[in-house]
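Derivation of every value follows stated rules applied to the coordinates shown; laboratory data play no part. Bear in mind the structure is a predicted one, so any value in this text is a computation, not a measurement. We place every Cβ from the backbone using ideal geometry, glycine too, and count neighbours over all the protein chains shown.
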Amino acid sequence: MVDHLANTEINSQRIAAVENCFGASGQPLAVPGRVLLGEGILTKECRKKPKPRIFFLFNDILVYGSIVINKRKYNSQHIIPLEDVTLETLPDTLQMKNRWMIKTSKKSFVVSAASLTERKEWLSHLEECIRHLLTKTGRQPSTEHAAPWIPDKATDICMRCTQTKFSTLTRRHHCRKCGFVVCGDCSRQRFLMPRLSPKPLRVCNLCYRQLLAEQKKEAEADCQQLERYCSAIPVKSLD
């Protein structure tokens, strides 16, 4: 695809320029075989409100961050391995057009482009990179994705009990499993989801019950498998 560009001077200079813009707060991006394919500003649907973010597409990763001074200084760097990415085109809303979702096992979020043409170009390049990577590594597309967070302003009431109204004193919480905006009473539990975090995360009561049921089912399946394994081992007589 673009592997022949990996060792060129211009590619090294472009990657170094991105590293300089992130400064000490960013991670090193120059690795053997990596090529910077393009960049652009997309609007990311954040928890509070949509915000502009700078995105850099490499042949193996997608990097994005907050804009401090465009073309000069960025922070809050995030790096997403492309082989973990699945894309989903979304319909327009009143607030945002030309949207799509970037889904990964650890985080999923919605972005929008300035025009339909720009969205098509981003999706085309992303899909090509992902397809090339999966073919190269022999991996299958990821099927487990983190739920995107529903923006705070999408609802004034808890999306589980539908009774609690949010205010200055009654704050919003997000379930890390389903992404719903919920009240404190509807999200008192925490559950360990290793693919998202090494620490137990806040989940709504419904997701907590579902996760417990799944955990119990998996434990029972493991016990049955162990029993079958043990029963298959011949027992020697003590005589």
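Residue farthest toward the positive end of the dipole of the chain, with Cβ of Lys/Arg at +1 and Asp/Glu at -1: which of ASN75, HIS174, CYS223?
HIS174
Evaluate the charge dipole of the chain about its Cα centre and quote only its size in Debye, nearest 20, assuming +1 on the Cβ of each Lys and Arg and -1 on the Cβ of each Asp and Glu. Don't jump to the answer; show the numbers that get you there.
Working: 38 positive and 24 negative charges, 244 e Å.
Computed about the Cα centre, the dipole is about 1180 debye.
For LYS217, go through the aspartates and glutamates and keep the ones whose alpha-carbon is under 19 Å away, minus same-chain ones fewer than eight residues off.
GLU144, GLU227
At 7 Å along the Cα-to-beta-carbon direction for both GLU144 and SER12, put a label point, then send me their distance in nm to one decimal.
About 4.0 nm separates the two model spin labels.
Provide the packing ranking of 98-107, 117-126, i.e. peptides ordered by the mean count of other C-beta atoms within 10 Å per residue, highest first.
Answer by packing, highest mean first, reads 98-107, 117-126.
State to the nearest 20 debye the size of the charge dipole of the stretch 160-226 about its Cα centre, where the only charges are +1 on K and R beta carbons and -1 on D and E beta carbons. Kindly include the intermediate steps, with their values, before the conclusion.
On the way: 14 positive and 5 negative charges, 92 e Å.
Once rounded to the nearest 20, the dipole reads 440 debye.
For a quick check: with amide H placed at 1.01 Å from N, whose amide H comes under 5 Å from HIS174's, ignoring anything fewer than 5 positions away on the same chain?
For HIS174, the qualifying residues are VAL182.
Highest GNM mean-square fluctuation, the chain, Cα pairs closer than 10 Å: which of THR164, THR137, THR86?
THR137
Give the separation of the Cα centroids, the stretch 178-239 to the stretch 27-78, in Å.
36 Å
In nm, to one decimal, how far is the modelled label at ALA24 from the one at ASN70, with both set 7 Å along Cα→Cβ?
Taking the simple label geometry, ALA24 and ASN70 are separated by 2.9 nm.
Can you tell me how the stretch 3-137 classifies by the Cα gyration tensor, rounded, prolate or oblate, using a/c under 1.5 as the rounded cut?
On the way: a/c = 1.81, a/b = 1.26, b/c = 1.44.
In terms of gyration-tensor shape, oblate.
Just name one of PHE56, CYS46, GLN27: the one whose Cα is farthest towards the positive end of the charge dipole of the stretch 19-84 (beta-carbon charges, Lys/Arg +1, Asp/Glu -1).
CYS46
Just one of [x] 120; [y] 150; [z] 209 is volume of the Cα convex hull per residue in Å³ as worked out from the coordinates here. Which one is it?
Matching entry in [x] 120; [y] 150; [z] 209: [z].
For each pair in LYS49/LYS136; LYS44/LYS216; LYS120/LYS199; LYS51/LYS106; LYS73/LYS107, compute the distance between the two Cα atoms and list the pairs where it is over 29 Å.
Numbers: LYS49/LYS136 38 Å; LYS44/LYS216 37 Å; LYS120/LYS199 38 Å; LYS51/LYS106 20 Å; LYS73/LYS107 24 Å.
From LYS49/LYS136; LYS44/LYS216; LYS120/LYS199; LYS51/LYS106; LYS73/LYS107, over 29 Å: LYS49/LYS136; LYS44/LYS216; LYS120/LYS199.
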